[in-house]
Amino acid sequence: MSPKTSENGPTKGRGGAVTPARVVVLLLAVLALIFIFENTRATRIRLLIPEVTMPLWMALLATAVIGALCGAYFMKRRS
C-alpha cells in the first residue's frame, strides 16, 4: 500500500489542525457571546408590524444565529 492510501497516512480535508483562521473565528465568536450576554436589559423591538419587548441579549443572539446559518448556507453552496 502506498502512504496515501494507508490508514495511518496523512489525512486531507477537515482535520483537527489548529489554523490561524480557526483561532480568529473562535476568538470572534467568544467576543460576540460576551457582548451579547453583557447586554441584558429589556428593549422594544419592532418586527415589521408588531412591537415586542424582549431582553436585548435574546435579540442579539437570534441575529447572530441567523447570520451564522446564512453564512454556513452560502459557504456550503460555494464549495
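The numbers here are math on the coordinates, done by the rules we state, and not lab data. Remember, predicted model here, so these are calculated numbers, not experimental data. Here the Cβ is made from the backbone with ideal geometry for all residues, glycine too, and neighbour counts use every protein chain on show.
Brief remarks follow.
- Among the residues of the range 43-54, those that are hydrophobic (A, V, I, L, M, F, W, C), closer than 18 Å to ALA64 by Cα and surrounded by 10 or more Cβ atoms within 10 Å (Cβ to Cβ) comprise ILE45, MET54.
- Number of positions in the range 13-43 that are in a helix (DSSP H, G or I) and charged (D, E, K, R): 2
- Whenever a residue of the range 34-45 is touching a residue at least 12 places away in the same chain (Cβ under 8 Å) and closer than 14 Å to ALA62 by Cα, it has no partner that is of a type in the set (Val, Ile, Thr) and assigned to a helix (DSSP H, G or I) lying with C-beta atoms less than 6 angstrom away and at least six residues away or across chains.
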